[in-house]
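Notes to accompany the following structure.
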Amino acid sequence: MTNQQFEPFYDVNRTYDDNYRQGPFGLFAQALTGGTTTENDATSACAATPASVLGFPVNLPFGIPAGPLLNSRFTTAAFRMGFDLAVYKTVRSRAWGCNPFPNVLAVHPKAADGSLTPGSAELDEGVLADTRYNLPISISNSFGVPSRDPDVWQPDMRDAIAAAGPGQLLVPSFQGSRVAGMSTDEYIADHVACARLVCETGAQLMEMNTSCPNEGHNRLLCHDPHLVGRITEAVKNEIGDRPLIVKLAYFPSDIELETMVRETVGHGTAQGFSTINTISAKLVDASGNQALPGEGRDRSGVCGNAIRGAGLDMVRRLSAIRERLGLDFAIVGVGGVIEPEHYLAYREAGADAVMSATGAMWDATLAQRIKAAIGA
């Protein structure tokens, strides 16, 4: 059970499908029924001095990344609660099932500040995970990137795009799907096919997810910059002038990170990066046993408070590479944004926009609190 004053808009005690059909919950549900007084205030708060993200005006460059906004009801509620950027949950070219329930557990790193360090022994030795959801919150993210069939998500995505208010932007997220026997060329083609389906909804830009830790733990797509370069070239040929954002995981090596930038932005095939997704860790219960049930689920992506340091580190390093190479691309900072000062920290690190998934799930008023804190 949750034991803080906020009711998450994604109910971790329900299955993914139940959340998809019945959610959102808490203040997000009230926003959809007119039970909150946020829409007018939230969309006009920054209207006098709007910011810009990839050429699109936004009231405040803050929102919710790919993950918890499962469909147009979630994205519409996010807009009404003052999150001016809303990323529609990653879609595929075909229907794709979710990992078994539960998908979310509370995660408790050993560090006094609740942080996890990329590359640390703790990630392989085991991090405690249970149902004690305490603030500042860190959670597991073990969904497997489920997707409805395009016949379902395309019309819903159109509704999500249409629900954006003045100074608000809906960002569709998509990815390719690996299936048995698929060649590299077929994998690239699947990315292109899915991007084409997104374009058909009227999307003005899109984000390509290359960073999900749930499709195997050996090597994420984003850790193969050359392949990502090939994919972004093919996708950009399909989507034309629409800006393309690439979602990245944490990169231990500056050399590989710079290679990613050169292989994408350097060739004009990507216009921004969103980072980070999660940090993969072995999750154990109080007895040291596997915390999430099922084969292949000994590890999970961890998000929330635990990964803020890693997210800020990636933004700083990307910002330095951007300056050193003299390239123009957007940086969207993600990871552990729970308080207004975390938004400011990401902006100071070089982020053009900032997003919060776990923090926003547990505090639907986060965007409003940030706007109040900075006088927007």
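Residues that are among the β-branched types (Val, Ile, Thr) and open to solvent by less than 10 Å² (accessible area, probe 1.4 Å) do not occur anywhere in segment 247-260. For Arg317, the requirement of being closer than 28 Å to Val145 by Cβ, among the basic types (Lys, Arg) and either at pLDDT 95 or above or open to solvent by less than 10 Å² (accessible area, probe 1.4 Å) (or both) is met.
Which ones in segment 56-90 are among the aliphatic types (A, V, I, L, M), under 23 Å from Pro150 (Cα atoms) and open to solvent by less than 10 Å² (accessible area, probe 1.4 Å)?
Filtering segment 56-90 down to residues among the aliphatic types (A, V, I, L, M) leaves 58, 60, 64, 66, 69-70, 77-78, 81, 85-87.
From the residues that got through so far, the ones that are under 23 Å from Pro150 (Cα atoms) too are 64, 66, 69-70, 77-78, 85-87.
Scanning segment 56-90 gives Ile64, Leu69, Leu70, Ala77, Ala78, Leu85, Ala86, Val87.
In the set Arg178, Arg196, only one residue is in contact with a helix residue (DSSP H, G or I) (Cβ under 8 Å, 6 or more places away or on another chain) and free of Cβ contacts under 8 Å to residues at least 40 places away in the same chain; that residue is Arg178. Within segment 287-314, residues that are more than 16 Å from Asp124 (Cβ to Cβ) and part of a loop (DSSP other than H, G, I, E, B) reach partners that are open to solvent by 50 Å² or more (accessible area, probe 1.4 Å) and not polar (S, T, N, Q) with beta carbons closer than 7 Å, at six or more positions or on different chains, in the pairs Pro293/Pro100; Gly294/Pro100. Search segment 200-219 for residues being open to solvent by less than 30 Å² (accessible area, probe 1.4 Å) and farther than 14 Å from Ile188 by Cα, and hand back the single one that is modelled with the lowest pLDDT. The residue in question is Pro213. The listed residues are Ala345, Ala353, Ala357, Ala373, and the only one of them that is touching a Pro at 6+ places or on another chain (Cβ under 7 Å) and surrounded by fewer than 24 Cβ atoms within 10 Å (Cβ to Cβ) turns out to be Ala373. Within segment 92-132, the set of residues being more than 24 Å from Tyr250 (Cβ to Cβ) and either open to solvent by less than 10 Å² (accessible area, probe 1.4 Å) or small (Gly, Ala, Ser) (or both) comprises Ser93, Ala95, Gly97.
Report whether or not Leu327 is farther than 18 Å from Ile276 by Cα, open to solvent by less than 20 Å² (accessible area, probe 1.4 Å) and modelled with pLDDT of 95 or more.
no
Of Gln290, Gln271, all but one fail to be within 30 Å of Glu200 (Cβ to Cβ) and surrounded by 14 or more Cβ atoms within 10 Å (Cβ to Cβ); the exception is Gln271. Of the residues Arg178, Arg196, Arg158, the single one that is closer than 24 Å to Gly301 by Cα and either within 20 Å of the chain's Cα centre (by Cα) or of a type outside the set (A, V, I, L, M) (or both) is Arg178. Meeting the requirement of 1 or more residues that are within 21 Å of Val337 (Cβ to Cβ) and out of contact with any strand residue (DSSP E or B) (no Cβ under 6 Å at 6 or more places or on another chain), the helices (runs of 4 or more DSSP H) wholly within segment 55-169 are 72-80.
The values are calculated or read from the model by the stated rules, or taken from the named source; none is laboratory data. This structure is a prediction, so every number in the text was calculated from the model and none was measured. Methodologically, a virtual Cβ is constructed for each residue, glycine included, from the backbone with ideal geometry; neighbour enumeration extends over all protein chains shown. Remember, those area values only see protein heavy atoms, side chains included, never the ligands or the DNA or RNA. Shrake-Rupley method; radii C 1.70, N 1.55, O 1.52, S 1.80 Å.
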